[in-house]
Amino acid sequence: MPKTRMLTHTLNLRIPFETERHARIAQRVLSPDPILRPEDFQVDYTTHDTTLLINFQSIDDRVLRVGVSSVIDSIKSIIESIDELDT
């Protein structure tokens, strides 16, 4: 029987956007990203008004840090794209 590891390390981020539309765009862009090891790391994206809510869960602090860093890099690119392309 495979050993199940619990995702005991969590982090919740709230990323404010200028509009609800921008927050939904960010959610839709981030959601399809596959998680390479879903048994070690999970992320959930939702929106509330103009805020993107991100819930991270992982097996340890290192996995959490790496996963959060990757998502933040993606958010930076999304914000830059919105600023450049959205009129």
| task | Using the heavy atoms of the protein chains and a 1.4 angstrom probe, tell me the accessible area per residue for the chain in square angstrom. | result | 72
| query | Does the range 42-82 classify as rounded, prolate or oblate by the C-alpha gyration tensor (a ≥ b ≥ c root eigenvalues; a/c under 1.5 gives rounded; else a/b over b/c gives prolate, otherwise oblate)? | reply | oblate
| Which of these values of log10 I(q)/I(0) by the Debye sum over Cα atoms at q = 0.14, 0.17, 0.25 Å⁻¹ was calculated from the structure shown: [x] -0.51, -0.70, -1.24; [y] -0.56, -0.73, -1.36; [z] -0.43, -0.64, -1.39? | [x]
| request: Treating the angle as unsigned and between 0 and 90°, give the value, to the nearest 10°, between the Cα long axis of helix 61-85 and the longest Cα principal axis of the chain. | output: 10
| query | Looking only at the range 45-87, which residues have a backbone nitrogen under 14 Å from a spot 7 Å from the Cα of Met6 in the C-beta direction? | reply | 58-60
| task | Leaving ligands, DNA and RNA out of it, report the carbon-plus-sulfur percent of the accessible area of the chain at a 1.4 Å probe. | result | 53
| request: Note the full-extension length gain between Val29 and Ser81 as 0.36 nm times their separation in residues minus their Cα-Cα distance, in nm to one decimal. | output: 17.6 nm
| field | With Cα atoms, 0 to 90° folded angle of helix 20-30 axis to the chain main axis | value | 40
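The values are calculated or read from the model by the stated rules, or taken from the named source; none is laboratory data. Predicted, not measured: the structure shown is a model, and the values here were computed from it. Cβ sites come from the backbone with ideal geometry, for glycine too, and all protein chains shown count toward neighbours. Note: areas computed on protein heavy atoms with side chains; ligands, DNA, RNA excluded. Shrake-Rupley method; radii C 1.70, N 1.55, O 1.52, S 1.80 Å.
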